[in-house]
Structure formats: structure tokens, C-alpha cells
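Chemist: Below is one structure. I have some questions about it.
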Amino acid sequence: MFHAPSHPFLVPFDSSFTVNDARTIPLVGAPTKRICTSTLHKLVKDLDELQRLLYAHSRYSLLLIFQAMDAAGKDSTIRAVMNGVDPSGCQVFSFKAPSTLERAHDFLWRTGIRLPERGKIGIFNRSYYEEVLIVRAHPECLDRQRLPGHVDLERLWEERYESIQDHEKHLARNETIILKFWLHVSKSEQKKRFLSRLSQPEKHWKFSQADLDERQLWTKYMRAYEDCVNATSRSWAPWYAIPADNKPYMRMCVAEIIVNTLKSLGLEYPKFSLKEKAQFARLKKKLEKGR
């Protein structure tokens with residue numbers, strides 16, 4: 001079963017992670033913006049080749065989960081990192097508020113039916129983690145989930161963490177490689193990005209009153225992220241708390257983790273026996289002689 005490669009932003013597996021200690025800015029001595037952009041360009045090329053290997057090897061699938069506060073850069077990071085990957089080998093799903101059909105099932109159902117098949121990369125822009133993040137900040141959402149009997153909130157979160165752990169361990173046992181990214185933006189940087197959206201007419205569509213409403217719940221969200229990440233960061237399904245105030249650096253870090261993870265799998269193109277190679281040679285000759 002897969003075990004996460006070491007990385008400075010890898011969340012430890014001993015529940016010792018704290019939001020207050022998590023960085024929102026690059027490490028001291030980090031590369032310049034130009035170098036980050038250049039490095040990302042190279043990593044994207046590497047990822048393109050590794051995705052082809054993943055598809056040809058056809059033993060693993062890769063699930064990338066992105067969670068973040070508004071304006072942290074989930075969409076742009078997914079675009080930047082996956083820019084060079086063959087679209088036929090990559091699936092992206094964004095999870096908004098659950099539909100009536102989705103609420104009629106357990107909270108893992110709507111993501112479970114969208115998991116990547118072997119040989120492919122699946123990307124969740126938000127995920128089942130919304131059920132222990134946004135729902136925790138807005139427990140009134142539970143009223144629409146038709147849960148049986150009285151709901152003990154503390155027990156509910158623990159049970160959902162346990163369900164997520166079991167779900168991810170099952171996936172890992174069946175060779176789905178799981179990488180989870182919390183793009184950690186600071187409250188001050190979020191404010192700057194919101195103001196930028198309001199200052200540019202072409203970006204007004206990205207902003208709503210709800211963004212400010214959610215901002216007022218910042219402390220609740222940070223507590224929810226801390227508890228969630230501590231409860232569910234495991235060697236087979238690790239969380240990475242990526243500094244998000246500097247977008248070029250953030251994108252480079254995400255790409256680096258994905259590329260290094262795929263390299264660690266020992267992916268290979270299929271090998272063929274001497275008999276099979278001889279058959280290919282005969283077929284080649286036949287094709288060359290044909291019209």
C-alpha cells in the first residue's frame with residue numbers, strides 16, 4: 001500500500017498539526033517567482049509523461065483532493081498544474097451544495113461514483129470533506145440531510161472522520177493513490193483578493209455576499225480544518241498544508257508533490273515476451289507489404 005513521500009508541508013500522522021503553526025507564505029530561502037514559474041513548467045512536462053505511464057501501467061489510479069477557503073486559488077492551481085496533461089486521462093469534478101438526490105444518500109455517495117478508474121487521474125475540487133468543514137461551520141445544513149433521531153454534533157464529526165478514514169484506506173488498499181491539498185491562505189491575503197475581484201468588473205462574477213458571510217466564520221473554519229486534517233492525515237492518504245499567499249510557489253509545490261509521488265510508484269510501460277515481440281514483427285511485415 002502507498003505511503004506518502006516526505007515533504008516540508010506534509011501534515012504529520014500523529015495529530016500534532018496546528019493551524020497557528022501552518023505557513024501561509026513560502027519557506028525562508030524559497031525560489032523567486034520567476035524560478036517557481038520555470039520549475040512549474042518543467043514539472044508539468046514531467047507530469048504529462050508520468051500520466052501516460054500511469055495510463056499504460058494501468059494498475060493505479062490517482063485521486064487529488066483540493067480544499068481551501070474562498071480565493072485561495074483552487075481553480076487556478078488545478079488549471080496550472082494539469083495544463084499539459086492529456087484530457088482523456090484526467091477527470092475533474094467540482095462539488096457544490098448537494099442536490100436533492102445526493103442528500104438522499106450517505107455523504108460519501110456523490111464522490112464515490114466519481115472516483116478515477118485505473119490508469120487515470122481524478123481531481124476533486126472540494127469533496128466529501130465539505131461534510132466536516134462547511135457543514136461543521138453551518139450545522140443547520142444537517143436539517144436537510146434527514147438524519148435519524150437526535151444528532152450529537154461532537155459524535156457526528158468523529159463518526160464522519162472514521163467513515164472517511166475507512167473509505168480512504170479501502171481505496172488505498174485497492175491501489176488508488178490519494179493526495180490531499182489544503183491550500184492555506186491567510187485572512188489578510190483573502191481580503192486583498194476579494195478587493196481585487198471587486199475592483200475589476202471582469203471578476204465581479206467571482207464574488208458574492210456569501211463570500212463575506214463565510215469570512216465572518218473564519219475562526220470556526222480554522223478549527224474545523226485543524227480537527228479534520230489531524231483526524232484524516234494518514235500515510236496512505238496524506239494531507240499537505242500548502243502556503244497559498246504566493247500562488248507561483250503554491251502551484252510549484254503542488255506539482256512537485258504529484259510528480260514525486262508518481263515517480264515513487266515505479267511505473268513502467270507494459271513488457272512483452274519474446275513470442276509477443278515476434279508476433280509484432282510479423283504483423284509489421286504484413287502491414288508493410290499490404291496496400
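The values are calculated or read from the model by the stated rules, or taken from the named source; none is laboratory data. These figures come from a predicted structure and were not determined experimentally. Every residue, glycine among them, receives a Cβ derived from its backbone with ideal geometry; neighbour counts consider all protein chains shown.
Chemist: Tell me, yes or no, whether the stretch 117-129 has at least one residue that is under 18 Å from the mean Cα position of the chain (by Cα) and in a helix (DSSP H, G or I).
Modeler: yes
Chemist: Specify the residue that is surrounded by the fewest Cβ atoms within 10 Å (Cβ to Cβ); the eligible residues are those in the stretch 144-163 that are closer than 25 Å to LEU101 by Cβ and among the basic types (Lys, Arg).
Modeler: Looking at residues that are closer than 25 Å to LEU101 by Cβ and among the basic types (Lys, Arg), I get ARG146.
For every residue, the table says whether it meets (1) in contact with a Cys (Cβ under 6 Å, 6 or more places away or on another chain); (2) at negative phi; (3) in a helix (DSSP H, G or I).
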residue	(1), (2), (3)
TRP205	no, yes, yes
TYR249	yes, yes, yes
ILE258	no, yes, yes
TYR269	no, yes, no
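Chemist: Does VAL28 satisfy the criteria of being more than 26 Å from LYS187 (Cβ to Cβ), surrounded by fewer than 18 Cβ atoms within 10 Å (Cβ to Cβ) and either among the β-branched types (Val, Ile, Thr) or in contact with a His (Cβ under 7 Å, 6 or more places away or on another chain) (or both)?
Modeler: Against the criterion (more than 26 Å from LYS187 (Cβ to Cβ), surrounded by fewer than 18 Cβ atoms within 10 Å (Cβ to Cβ) and either among the β-branched types (Val, Ile, Thr) or in contact with a His (Cβ under 7 Å, 6 or more places away or on another chain) (or both)), VAL28 does not qualify.
The rows are residues; the columns are (1) surrounded by 15 or more Cβ atoms within 10 Å (Cβ to Cβ); (2) closer than 24 Å to THR77 by Cα; (3) touching a residue at least 40 places away in the same chain (Cβ under 8 Å).
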residue	(1), (2), (3)
LEU101	no, no, no
PHE124	yes, yes, yes
SER127	yes, yes, yes
GLU131	yes, yes, no
ALA137	yes, no, yes
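Chemist: Take the conditions surrounded by fewer than 14 Cβ atoms within 10 Å (Cβ to Cβ), part of a helix (DSSP H, G or I) and aliphatic (A, V, I, L, M) and apply them to LEU212. Does it pass?
Modeler: For LEU212, the condition - surrounded by fewer than 14 Cβ atoms within 10 Å (Cβ to Cβ), part of a helix (DSSP H, G or I) and aliphatic (A, V, I, L, M) - is met.
Chemist: Another question, then. List, please: which pairs have Cβ atoms under 6 Å, are six or more places apart or on different chains, and start with a residue in the stretch 162-191 that is among the hydroxyl-bearing types (Ser, Thr, Tyr) and end with one that is buried (at least 20 other Cβ atoms within 10 Å of the Cβ)?
Modeler: Close Cβ pairs (under 6 Å, with a partner that is buried (at least 20 other Cβ atoms within 10 Å of the Cβ)) amount to THR176/SER61; THR176/LEU63; SER186/THR24; SER186/ASP245.
Chemist: Since ALA224 meets every condition but one in (1) modelled with pLDDT under 95; (2) touching a helix residue (DSSP H, G or I) at 6+ places or on another chain (Cβ under 9 Å), which condition does it not meet?
Modeler: All conditions pass for ALA224, except number (1).
Chemist: Confirm whether SER15 is on the phi > 0 side of the Ramachandran plot and either in a loop (DSSP other than H, G, I, E, B) or surrounded by 14 or more Cβ atoms within 10 Å (Cβ to Cβ) (or both).
Modeler: Judged against the criteria, SER15 is a match.
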